[in-house]
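Have a look at the structure below before the remarks.
The values are calculated or read from the model by the stated rules, or taken from the named source; none is laboratory data. This is a predicted model, so every value here is computed, not measured. Cβ atoms come from the backbone with ideal geometry, glycine included; neighbour counts cover every protein chain shown.
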Amino acid sequence: MRRRLRRLRWILLMYEGDRLVGTVALKRVSRRHQRRSFRTAGVSLKPSWRRSELGFLCIDPDYRGQGLSFRIMQEARDRGCRPTYSVTGREGVRKMNAALGMVRRGSPWQGRKEELSLWTWDDDLAPPLETSGES
Ligand SMILES: CC(C)(COP(=O)(O)OP(=O)(O)OC[C@H]1O[C@@H](n2cnc3c(N)ncnc32)[C@H](O)[C@@H]1OP(=O)(O)O)[C@@H](O)C(=O)NCCC(=O)NCCS
């Protein structure tokens, strides 16, 4: 866990009073990890692309279903997490990503537990991303 936390660029923490109810983070990822996600989705990745992935989206079970994940993701977007991408296997999160203006890139693939897909903001694609071949 400590190693994972050291890899964070930043983390947003959402509180109600002194209770931590939600998180989302911008993770520093290895080029290898990033290339694997993009290659598996069939999307090419330029070397200039920042090595950051959105993750650790988590809402306290007692607080789910109230739109908090959407709010914290809006905050992440508005505070300048871009350009970045996220990988998700959850139908609800896919809908939310689309509502946040993200687009699914390439093709979904089978993860260990569920079908995964790669998401970026549309205008993050140019110039760092192309959708054919790999650089
Ligand atoms: C997934 C998770 C973060 C959702 O948190 P939440 O605060 O309950 O979600 P919200 O109330 O904002 O949204 C409820 C649902 O509508 C979706 N949604 C929210 N706002 C939306 C919008 N404006 N348009 C479309 N869909 C929306 C959400 O994705 C969610 O779908 P789900 O219930 O099928 O997961 C939460 O269930 C969780 O922490 N799960 C465990 C960790 C996890 O799976 N993280 C995601 C990894 S990709």
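Just a few scattered comments:
- Whenever a residue of the stretch 28-50 is touching a residue at least 12 places away in the same chain (Cβ under 8 Å), its partners that are of a type in the set (Phe, Trp, Tyr), lying with C-beta atoms within less than 7 angstrom and at least six residues away or across chains, give the pairs THR40/TRP109; ALA41/TRP109; SER44/PHE38; LEU45/PHE38.
- Selection within the stretch 55-81 - closer than 24 Å to ARG7 by Cα, among the basic types (Lys, Arg) and modelled with pLDDT of 95 or more: ARG71
- Among the residues of the stretch 1-10, just one is assigned to a helix (DSSP H, G or I) and either of a type outside the set (Lys, Arg) or under 22 Å from GLN110 (Cβ atoms) (or both), namely LEU5.
- The residues of the stretch 11-57 that are over 13 Å from the mean Cα position of the chain (by Cα) and part of a strand (DSSP E or B), listed by number, are LEU12, LEU13, MET14, TYR15, GLU16, ARG19, LEU20, VAL21, GLY22, SER44, LEU45.
- Single residue of the stretch 58-110 satisfying the filter (within 7 Å of the ligand (Cβ to nearest atom), part of a loop (DSSP other than H, G, I, E, B) and among the small types (Gly, Ala, Ser)) that is nearest to the chain's Cα centre (by Cα): GLY89
- Taking the criterion of being within 15 Å of the ligand (Cβ to nearest atom) and either touching a Pro at 6+ places or on another chain (Cβ under 8 Å) or free of Cβ contacts under 8 Å to residues at least 12 places away in the same chain (or both), the residues of the stretch 111-125 that qualify are ARG112, GLU115, LEU116, SER117, THR120.
- Residue match in the stretch 72-79 (condition: among the charged types (D, E, K, R), in contact with a strand residue (DSSP E or B) (Cβ under 8 Å, 6 or more places away or on another chain) and in contact (Cβ under 8 Å) with a residue 60 or more places away in the chain): yes
- The numbered conditions (1) within 21 Å of GLY101 (Cβ to Cβ); (2) at pLDDT 95 or above; (3) more than 11 Å from the ligand (Cβ to nearest atom); (4) of a type in the set (Phe, Trp, Tyr) are all true for TYR15 except (1).
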